[in-house]
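Shown next, in structure tokens, is the structure this report addresses.
The values are calculated or read from the model by the stated rules, or taken from the named source; none is laboratory data. Here the structure is a predicted model, which means the values were calculated and not measured. Note: ideal-geometry Cβ built from the backbone for every residue, glycine included; neighbour counts use all protein chains shown. We work out accessible area using only protein heavy atoms, side chains counted, and drop any ligands, DNA or RNA first. Shrake-Rupley method; radii C 1.70, N 1.55, O 1.52, S 1.80 Å.
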Amino acid sequence: MDFVTMNILDSAMVSLCREMGITLMKTSYSTIFNEALDFTCGLADMNGDMIAVADYCPAQIGGMPLLIKSCLKEIPPSEIEEGDVILHNDPYRGGLHTPEHTFFKPIFVEGELMGFAVAIGHIAEVGGMAPGGFCGEATEIFHEGIRIPPVKIVKAGKDNIEVWKLLLANVRTPRVNYGDLKALIAAVDLGEKQMRALYLKYGKDKIRETVADLLLYSERRMRAELEAIPDGIYAFHDYLESDGIDPDKHYRIQVEVHKKGGHIVVDYHGSAPQVAGPINATLGVATSAAYNAVLHMTDPTIPRNSGCFRPIEVMAPPGSIVNVNFPAPEVGGNTETHPRIVGTILGAMAGALPDRVMAAEGATHCNFVFGGVDAGTGEYFACYDLEAVGWGGRAFADGNDAVDSINGNCRITPTEVYETRFPWLVESLAFNVDSCGAGEHRGGVGYTKQMLCLNDEIICSQMTDRHLLAPWGLEGGLEGGCGATLVMKAGRDDWQTMRQAYGKASTSRYSNVAIRKGDRVRLVTPGGGGYGDPAKRDKAAVARDVKEGYISRTAAETFYGYREG
């Protein structure tokens, strides 16, 4: 291996992927892209193996290799021309969920196909029965929006007008969707152009050889990390609450991690059968979640590419909540089930790697989606609004406060932008006191966002979790606080759940609630579980938490035996 050239090329490719992401952020229309950064950009070789990726959204990073390989089965390299751009979002063709749109553009050098520039992004409005793409009451995939098999949205450098017409005719916000799709195309255009320049600079043979070495290097480093973990079988389970259809039933996620030498198998046998509502995960999600968990427990300097995934094997029984069969709904699998799977794997490995795992995090993106006709402009709007949660405490530190869930790495939309783009007034955005699970290292805190509806009507739906089942602690740490979604209708002075106010089956998963002018909505996000015995927490840290308003004086005395003065 030529380590100098390999590191130069790896750095150049990762930098290029980041530049693709900046292009996407700067040219997109939706807040989910230009504010929340819910996308990932990468590069692949001609076989569909990921050779570089930027550090954007972990769910998409782990899902990218299967996505590309699935596309290449339907549109083989022999049918791909220079200038083509291929689009795909079908969860049952290797995808993650219907909002996630994958674009990839071939990289030709002197007439030879060398690889692909790839961009995956969450399109905020995809049609279906609920504005914003998250139908909390879906019972089949067809409720969740348009499914796009691998198609050429650009053919030999020219827009495929028929495909564009079909896509834009099936969504509520065609102008915004057009802008976002064009931004994704701009990202892969840049990736193709810049990567072709690298091939011309270093030569095709040199890059081909160096990329092969880079993938092998990542594989060897990952195997070395795994070899340091004691061999054994590590088991754990957790539950998802309510599928939006049956509000009182919880669904088991079972994990056995089989570790031997430099190889690891994540086995999901024993998980619940697939359910009627939209919390099922596709095979792509189950695979990506396993990769995500292993990456969180291993050296973060290992280059992120398909090589580091080679030692990781996934066993997900078909027809289960972690490998759903067509045509069941699945939109929540990528946002809610994925982080719960990651947490379950981390829980399984807590005994073997106590310094590299955390207690349970909030494990939801809140996924509050809405749409309607703006009374001021007459234009239809739609938004996918995600919120942050508290992360779990660790053996060496408190959990992160108000951070996007473990598979997202996204930002929340600034209040100023939110109020400018959509007819809401954000009345408050504040940490939830006592939402952090007590422990030697406390969990992170969640927060509450309270909004006043300014439009005549806004149609709202949601796909969230942790309203009933609190984030668990580790090593004697206590549970974190639960989340909630509450509404105060105009003219009332009390807060109600969506079940109480609108007769919905579930408080956390519902669809098409009409919020009217003067109504208020309160989104409460969960905190993280604590790590270690609360009695061992440093009293100065407790005093600081009280002073900063993270915990109340009552909680300080109850859980930590701390009194001021």
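Kindly indicate the residue of region 336-379 that is at pLDDT 95 or above and among the polar types (S, T, N, Q) and also nearest to GLU440 (Cα to Cα) among those meeting that condition.
My answer is THR344.
Look through region 234-253, keep the residues that are surrounded by fewer than 19 Cβ atoms within 10 Å (Cβ to Cβ) and touching an Asp or Glu at 6+ places or on another chain (Cβ under 6 Å), and return whichever of them is farthest from THR337 (Cα to Cα).
Only one residue tops the list, namely ALA235.
Where the second residue is open to solvent by less than 10 Å² (accessible area, probe 1.4 Å) and in a helix (DSSP H, G or I) and the first is among the hydroxyl-bearing types (Ser, Thr, Tyr) and lies in region 56-70, which pairs have Cβ atoms under 6 Å and are six or more apart or on separate chains?
TYR56/GLY21
Among what's in region 542-565 and is touching a residue at least 60 places away in the same chain (Cβ under 8 Å) and in contact with a helix residue (DSSP H, G or I) (Cβ under 9 Å, 6 or more places away or on another chain), pick the residue that is nearest to ASP434 (Cα to Cα).
ILE551
Please enumerate the residues belonging to region 477-492 that are of a type outside the set (A, V, I, L, M, F, W, C) and either open to solvent by 40 Å² or more (accessible area, probe 1.4 Å) or modelled with pLDDT under 95 (or both).
Within region 477-492, GLU479, LYS489, GLY491, ARG492 meet the criteria.
Report yes if some residue within region 271-291 is closer than 30 Å to SER218 by Cβ, over 18 Å from the mean Cα position of the chain (by Cα) and not aliphatic (A, V, I, L, M); otherwise report no.
Among the residues of region 271-291, at least one is closer than 30 Å to SER218 by Cβ, over 18 Å from the mean Cα position of the chain (by Cα) and not aliphatic (A, V, I, L, M), which makes the answer yes.
If I go through region 127-147 residue by residue, how many of them are over 15 Å from GLU330 (Cα atoms) and hydrophobic (A, V, I, L, M, F, W, C)?
0
Quick grid of which residues meet (1) within 25 Å of TYR291 (Cβ to Cβ); (2) surrounded by fewer than 24 Cβ atoms within 10 Å (Cβ to Cβ):
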position	(1), (2)
GLY351	yes, yes
ASP355	yes, yes
ALA360	yes, no
PHE370	no, no
ASP374	no, yes
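Sort out which residues of region 321-356 are of a type in the set (Lys, Arg) and more than 14 Å from SER405 (Cβ to Cβ), and write them in order of number.
ARG356, the sole residue that qualifies.
Looking at region 378-394, which of the residues that are open to solvent by less than 10 Å² (accessible area, probe 1.4 Å) and of a type in the set (A, V, I, L, M) is nearest to GLY530 (Cα to Cα)?
Going through the qualifying residues, I end up with VAL389.
Name the single residue that is nearest to GLU144 (Cα to Cα) among those in region 307-361 being among the hydroxyl-bearing types (Ser, Thr, Tyr) and part of a helix (DSSP H, G or I).
By that ranking, first place goes to THR337.
Name the residues in region 151-208 that are open to solvent by 70 Å² or more (accessible area, probe 1.4 Å), among the hydrophobic types (A, V, I, L, M, F, W, C) and in contact (Cβ under 8 Å) with a residue 60 or more places away in the chain, would you?
LEU200
For region 446-461: of the residues being under 21 Å from the mean Cα position of the chain (by Cα) and outside any loop (DSSP other than H, G, I, E, B), which is nearest to LEU240 (Cα to Cα)? First the steps, then the outcome.
So the first thing to find is which residues in region 446-461 are under 21 Å from the mean Cα position of the chain (by Cα), and the list is 446-449, 460-461.
Filter again for outside any loop (DSSP other than H, G, I, E, B), leaving 447-449, 460-461.
On the way: TYR447: 21, THR448: 22, LYS449: 24, CYS460: 22, SER461: 19 Å.
Checked region 446-461; the qualifying residue nearest to LEU240 (Cα to Cα) is SER461.
Select, from GLY121, GLY136, the only residue that is in contact (Cβ under 8 Å) with a residue 12 or more places away in the chain, touching a Leu at 6+ places or on another chain (Cβ under 7 Å) and either within 27 Å of ASP243 (Cβ to Cβ) or crowded, with 18+ Cβ neighbours inside 10 Å (or both).
GLY121
Filtering region 395-416 down to residues that are touching a residue at least 60 places away in the same chain (Cβ under 8 Å) and open to solvent by 40 Å² or more (accessible area, probe 1.4 Å), which residue is farthest from LEU346 (Cα to Cα)?
Only one residue tops the list, namely PRO414.
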